[in-house]
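Asker: Structure provided below as structure tokens; questions to follow.
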Amino acid sequence: MSALLRTEGLSKAFTLHLQGGTRIPVLGGVDLAVHPGECIALWGPSGAGKSTLMRCLYGNYGAGAGRILLRHGGAEIDLATADPRSIIAARRETIGYVSQFLRVIPRVATRDIVAEPMIARGVPKAEAIARATALLHRLNLPERLHGLPPATFSGGEQQRVNLARGFAPGYPVLLLDEPTASLDAANRAIVIAMINEAKHAGAAIVGIFHDAEVREAVADRLFDVLPQQDAA
Amino acid sequence: MTGALLTAEGLDLHFGAIPALVDVAIDVAEGEVVAIVGESGSGKTTLLRVLSGQMAPDAGTVRWLGQDVHGMGEAARRRLMRTDWGFVHQNPRDGLRLNVSAGGNVGERLMAVGARHYGNIRAQALEWLAKVEVDATRIDDLPRTFSGGMQQRLQIARTLVTRPRLVFMDEPTGGLDVSVQARLLDLIRGLSRELGLSVLIVTHDIAAARLLADRILVMRRGRVVEQGLTDRVLDDPQHPYTQLLVSSVLAA
Amino acid sequence: MNAPMEGYNFAYLDEATKRMLRRTILKAVAVPGHQIPFGAREMPLPYGWGTGGIQVTAAILGPADTLKVIDQGADDTTNAISIRRFFTRVAGVATTERTEDATIIQTRHRIPEAPLREDQVLVYQVPQPEPLSKLEPRRAETKRLHALADYGLMHVRLYEDIARLGHIAKAYDYPVMVNGRYLMSPSPIPAFDNPKMHRMAALQLFGAGREKRIYAIPPYTEVRSLDFEDHPFRPIRAPQACALCGSRESYLDEVITDDRGGRVFVCSDTDYCGTRVAARKGAA
């Protein structure tokens, strides 16, 4: 079966112009492929570039060299070279990203934040709100919070809002950057169940899981990400 | 780019020896929000004026649905400005009639395009005041009695009432308090999505650009030094100037 | 014809000036409702006393014409009498107070009640020719608005009236669209007179001396008062009968008769009123 997301020779370095043009290589020749129903855990020491790789996979960081191929709309697009509008379309339809932190949008209610990506995909508003509410309930976020903007929520609450927003649309490809970092055991178990359900539904998932329990429960295999200085 | 509403190529403009625009190209697609960022004097407001037909470039073309904006004649351009286009000024006093009531301000564009039913005009004015969160009881008040944030929201209502397809915004949150800015940005974001508006917004506020824009262009000394997907430009800036700009933003 | 005063050209203005005025008038007739600038001359009376109207009248006056001059509908007011005497002295033309006998009627702020004919010309004295002047003080901008027929602003003014007062408050100088193209000030005639301008058989000429503009409405031209579909234009008159002739159709002036609040309403058009009174006496 063909990969939903793969990279070919992906390299990434940062050039810090404000520090005299210092060049910091982070990724070199990464070849990764993730298939439908599969969950890959990125593995490597802190600072090895796991988050950088995730951000490249989402098109958030540009690639220095190589290709990032995403199966989108019946064809593969290269996120390294695609124009912004194609990447926006791919993010709307195909690839979701749950980061550790919620980028708060002022004054927008939690349930609307969760419903928004579904509405963008054409789900009727009422249905999107209903699904958002159900998912927030499942993640144990009390109803009284659904109508509030999450700016004042605790870290764990914000993370659950983020998870609901990422999982609700049912993207074929999901990127999870420490999705359970701020969660207690009960909520961790729920997230594990949600990841496994997404896999069963055919989603291809790439994640960073520092929590061994979560990693073992969801990951089919590990993908090594090595620090560039060491690899060189 | 297919599907682009507005396309500009090769724009050059000099004020004497000072380059205001140097070989600038830009396009805006249907439903897309594009931000132009840069410091004061970078040419971003000049670019907005050239793109909206208010100022002619020395060289280059601006096209709206394939039509040459600077070649179309003033009547056609004005018609565009009150139908398919809207312009939101930094200072609401430039975009409002201060001696005309809030309702009259919102209704003016409707009347300019031929609305002649008072009841309908008033109903639409009320509808738009609600959309921009101005209390209905203020409909007959003069804008000079409004706060800066309310004036700016009124200007947006007045601009959007005729459902333009593309709105130019010049530092719309410029002179406002931070708390008022957030409310306004959220309003612009909500309305542009709800109406499928294309927005071309000039701002020096990186956070506003991140919140609103699909794409971003970074300008410096009349040139576009970097452009692309908003979060990529801001999170992985390539050009030294963009890196400086992004690193200069105070984290809240 | 009386002998005109010595030392002046016929009708006071020199022939070159009259030719310039006639060219302006022709242009004005060709573009109904559009204000044409002209080189207004100094006249032997102050601005505001009808210098624009007098120049237009002087330009079109011939020795065979019969002139009537009214001020607020009356032939016997100072302004009307002095203008009539002026033309008697400098042109020697016949004058009349009877609307139907006149070939040229110069007016300030009224249109006669009797319908005018094709062989008559109505000359208006205009203080402010620009209908948008109060809304947009920049002349370059008002010119642009006219060029582009961008008249939303005028409707904003009417909107404001309805929003504040429940009805359009403009009772005189009520703006009109001429020939479906130009917004025009009808000069400060009462809104009551506006419908008379529509498809009038007589040529209507407007002269503004201080503002140096001439405009015109050719015979049988479409003249519409601006309004809203749900607030249609309504000509208003005092709901009274004339105390002298009993008319319930004519435009009335309110006349205070004492210092205890006593008042009567009489026709503003003195010729119309006088004719009716005479007819009633004749019948009696």
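Asker: Taking the options B:R158, B:R189, name whichever one is away from chain A (no Cβ under 13 Å) and buried (at least 20 other Cβ atoms within 10 Å of the Cβ).
Answerer: None of the other options fit; the residue is B:R158.
Asker: Which is assigned by TED's automatic domain parsing to the domain that holds C:P190 and touching a helix residue (DSSP H, G or I) at 6+ places or on another chain (Cβ under 9 Å), of C:T24, C:T78, C:T88? Explain how you work it out, then say what you get.
Answerer: Working: C:T78 fails: touching a helix residue (DSSP H, G or I) at 6+ places or on another chain (Cβ under 9 Å); C:T88 fails: touching a helix residue (DSSP H, G or I) at 6+ places or on another chain (Cβ under 9 Å).
That would be C:T24, the only listed residue that is assigned by TED's automatic domain parsing to the domain that holds C:P190 and touching a helix residue (DSSP H, G or I) at 6+ places or on another chain (Cβ under 9 Å).
Asker: With the condition kept exactly as written, say whether any residue in segment C:59-79 is surrounded by fewer than 18 Cβ atoms within 10 Å (Cβ to Cβ), of a type in the set (A, V, I, L, M, F, W, C), touching a Lys or Arg at 6+ places or on another chain (Cβ under 9 Å) and modelled with pLDDT of 95 or more. Break it down stepwise before answering.
Answerer: First, the residues of segment C:59-79 that are surrounded by fewer than 18 Cβ atoms within 10 Å (Cβ to Cβ): C:62-64, C:66, C:76-78.
Of the ones still in play, those that are also of a type in the set (A, V, I, L, M, F, W, C) are C:64.
Checking which are touching a Lys or Arg at 6+ places or on another chain (Cβ under 9 Å) leaves us with none.
No, segment C:59-79 contains no residue that is surrounded by fewer than 18 Cβ atoms within 10 Å (Cβ to Cβ), of a type in the set (A, V, I, L, M, F, W, C), touching a Lys or Arg at 6+ places or on another chain (Cβ under 9 Å) and modelled with pLDDT of 95 or more.
Asker: Check segment C:176-196 and report whether any residue there is surrounded by 20 or more Cβ atoms within 10 Å (Cβ to Cβ), of a type outside the set (S, T, Y) and within 14 Å of chain B (Cβ to nearest Cβ).
Answerer: Checked against the condition, which is being surrounded by 20 or more Cβ atoms within 10 Å (Cβ to Cβ), of a type outside the set (S, T, Y) and within 14 Å of chain B (Cβ to nearest Cβ), segment C:176-196 yields at least one hit.
Asker: Let me ask you something else. Just for segment A:130-154: of the residues that are of a type in the set (A, V, I, L, M) and in a loop (DSSP other than H, G, I, E, B), which one is farthest from A:S182 (Cα to Cα)?
Answerer: To start, the set of residues in segment A:130-154 that are of a type in the set (A, V, I, L, M) comprises A:130, A:132, A:134-136, A:139, A:141, A:145, A:148, A:151.
Filter once more, so that each one left must be in a loop (DSSP other than H, G, I, E, B): A:139, A:141, A:148.
On the way: A:L139: 13, A:L141: 14, A:L148: 20 Å.
Taking the candidates together, the pick is A:L148.
Asker: Name the residues in segment B:109-131 that are more than 9 Å from chain C (Cβ to nearest Cβ), of a type in the set (A, V, I, L, M) and surrounded by fewer than 21 Cβ atoms within 10 Å (Cβ to Cβ), would you?
Answerer: Selection gives B:A123, B:L126, B:A130.
Asker: Okay, next question. Within segment B:201-224, does at least one residue satisfy the condition of being more than 27 Å from B:L65 (Cβ to Cβ), in contact with a strand residue (DSSP E or B) (Cβ under 7 Å, 6 or more places away or on another chain), surrounded by fewer than 20 Cβ atoms within 10 Å (Cβ to Cβ) and within 13 Å of chain A (Cβ to nearest Cβ)?
Answerer: Within segment B:201-224 (the criterion being more than 27 Å from B:L65 (Cβ to Cβ), in contact with a strand residue (DSSP E or B) (Cβ under 7 Å, 6 or more places away or on another chain), surrounded by fewer than 20 Cβ atoms within 10 Å (Cβ to Cβ) and within 13 Å of chain A (Cβ to nearest Cβ)), the answer is no, since none of the residues qualifies.
Asker: Okay, moving on. Which of the residues spanning segment A:94-108 are buried (at least 17 other Cβ atoms within 10 Å of the Cβ) and not β-branched (V, I, T)?
Answerer: A:G96, A:Y97, A:S99, A:Q100, A:L102
Asker: Criterion first (aliphatic (A, V, I, L, M), buried (at least 16 other Cβ atoms within 10 Å of the Cβ), in contact with a strand residue (DSSP E or B) (Cβ under 7 Å, 6 or more places away or on another chain) and in contact (Cβ under 8 Å) with a residue 24 or more places away in the chain) does B:V167 satisfy it?
Answerer: For B:V167, the condition - aliphatic (A, V, I, L, M), buried (at least 16 other Cβ atoms within 10 Å of the Cβ), in contact with a strand residue (DSSP E or B) (Cβ under 7 Å, 6 or more places away or on another chain) and in contact (Cβ under 8 Å) with a residue 24 or more places away in the chain - is met.
Asker: So if I check each of B:R97, B:R109, which one is touching a Gly at 6+ places or on another chain (Cβ under 8 Å) and assigned to a helix (DSSP H, G or I)?
Answerer: Working: B:R97 fails: assigned to a helix (DSSP H, G or I).
Only one candidate passes the filter, namely B:R109.
Conditions tested, residue by residue: (1) in a strand (DSSP E or B); (2) touching a residue at least 40 places away in the same chain (Cβ under 8 Å).
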residue: C:D161; (1), (2): no, no
residue: C:K170; (1), (2): no, no
residue: C:M177; (1), (2): yes, yes
residue: C:P188; (1), (2): no, yes
residue: C:N194; (1), (2): no, yes
residue: C:A201; (1), (2): no, yes
residue: C:F206; (1), (2): yes, yes
residue: C:E211; (1), (2): no, yes
residue: C:Y220; (1), (2): no, no
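Asker: Sticking with this one: Report yes if C:A16 is of a type outside the set (S, T, Y) and part of a helix (DSSP H, G or I), otherwise no. Before the answer, list the steps.
Answerer: Numbers: of a type outside the set (S, T, Y): yes; part of a helix (DSSP H, G or I): yes.
Criteria met by C:A16.
Asker: May I ask you to verify whether B:V34 is within 22 Å of B:R163 (Cβ to Cβ), modelled with pLDDT of 95 or more and part of a strand (DSSP E or B)?
Answerer: Values: within 22 Å of B:R163 (Cβ to Cβ): yes; modelled with pLDDT of 95 or more: yes; part of a strand (DSSP E or B): yes.
Criteria met by B:V34.
Asker: Does B:A130 meet the test of being aliphatic (A, V, I, L, M), outside any helix (DSSP H, G or I), more than 30 Å from B:E39 (Cα to Cα) and free of Cβ contacts under 8 Å to residues at least 24 places away in the same chain?
Answerer: no
Residues are listed down the side, and each one gets a yes or a no for (1) closer than 21 Å to A:I195 by Cβ; (2) loosely packed, with under 15 Cβ neighbours inside 10 Å; (3) not charged (D, E, K, R); (4) not assigned by TED's automatic domain parsing to the domain that holds A:F223:
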residue	(1), (2), (3), (4)
A:L4	yes, no, yes, no
A:S11	no, no, yes, no
A:H17	no, no, yes, no
A:G21	no, yes, yes, no
A:P36	yes, no, yes, no
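Asker: Now a separate question. Taking into account only those residues within segment C:254-274 that are modelled with pLDDT of 95 or more and of a type in the set (D, E), which is farthest from the chain's Cα centre (by Cα)?
Answerer: Restricting to residues being modelled with pLDDT of 95 or more and of a type in the set (D, E), the top hit is C:D271.
Asker: What tally of residues in segment B:28-87 results from selecting those that are surrounded by fewer than 19 Cβ atoms within 10 Å (Cβ to Cβ), hydrophobic (A, V, I, L, M, F, W, C) and touching a His at 6+ places or on another chain (Cβ under 8 Å)?
Answerer: 1
Asker: Among the listed residues B:L13, B:L21, B:L80, which satisfies the condition of being touching a strand residue (DSSP E or B) at 6+ places or on another chain (Cβ under 8 Å) and within 14 Å of chain C (Cβ to nearest Cβ)?
Answerer: Numbers: B:L13 fails: within 14 Å of chain C (Cβ to nearest Cβ); B:L21 fails: within 14 Å of chain C (Cβ to nearest Cβ).
Of B:L13, B:L21, B:L80, the one residue that is touching a strand residue (DSSP E or B) at 6+ places or on another chain (Cβ under 8 Å) and within 14 Å of chain C (Cβ to nearest Cβ) is B:L80.
Asker: Can I ask one more? Considering each residue of segment B:91-108, count those that are crowded, with 21+ Cβ neighbours inside 10 Å, within 21 Å of B:T137 (Cα to Cα) and more than 7 Å from chain C (Cβ to nearest Cβ), and give that number.
Answerer: Residues meeting the conditions: 5.
Asker: Only one of C:I217, C:I256 is among the β-branched types (V, I, T) and farther than 19 Å from C:A114 by Cβ; which? Step through it out loud before you land on a result.
Answerer: Details: C:I217 fails: farther than 19 Å from C:A114 by Cβ.
The conditions single out C:I256.
Asker: Pull out all pairs, ordered by first then second residue, where Cβ-Cβ is under 8 Å, the residues are six or more apart or on different chains, the first lies in segment B:43-56 and is assigned to a loop (DSSP other than H, G, I, E, B), and the second is among the basic types (K, R) and surrounded by fewer than 22 Cβ atoms within 10 Å (Cβ to Cβ).
Answerer: Correct list of pairs: B:G43/B:R221; B:G43/B:R223; B:G53/B:R77; B:M55/B:R49.
Asker: Answer with yes or no whether B:D23 is more than 24 Å from A:S86 (Cα to Cα) and either of a type in the set (K, R) or assigned to a strand (DSSP E or B) (or both).
Answerer: On the way: more than 24 Å from A:S86 (Cα to Cα): yes; either of a type in the set (K, R) or assigned to a strand (DSSP E or B) (or both): yes.
Judged against the criteria, B:D23 is a match.
Asker: Checking the conditions here, which among B:V233, B:V180 is within 12 Å of chain A (Cβ to nearest Cβ), closer than 30 Å to B:G103 by Cα and either in contact with a strand residue (DSSP E or B) (Cβ under 8 Å, 6 or more places away or on another chain) or surrounded by fewer than 18 Cβ atoms within 10 Å (Cβ to Cβ) (or both)? Lay out the reasoning, then the answer.
Answerer: Details: B:V233 fails: closer than 30 Å to B:G103 by Cα.
Being within 12 Å of chain A (Cβ to nearest Cβ), closer than 30 Å to B:G103 by Cα and either in contact with a strand residue (DSSP E or B) (Cβ under 8 Å, 6 or more places away or on another chain) or surrounded by fewer than 18 Cβ atoms within 10 Å (Cβ to Cβ) (or both) holds for just one of B:V233, B:V180, which is B:V180.
Asker: While we're looking at this one, here's another question. Given the residues C:G53, C:G62, which is the only one that is part of a helix (DSSP H, G or I), out of contact with any Asp or Glu (no Cβ under 7 Å at 6 or more places or on another chain) and not β-branched (V, I, T)?
Answerer: Working: C:G62 fails: part of a helix (DSSP H, G or I).
So the residue among C:G53, C:G62 that is part of a helix (DSSP H, G or I), out of contact with any Asp or Glu (no Cβ under 7 Å at 6 or more places or on another chain) and not β-branched (V, I, T) is C:G53.
The values are calculated or read from the model by the stated rules, or taken from the named source; none is laboratory data. Quantities reported herein were computed from a predicted structural model and do not represent experimental measurements. In this analysis, Cβ positions are derived from the backbone assuming ideal geometry, glycine residues included, and neighbour counts consider all displayed protein chains.
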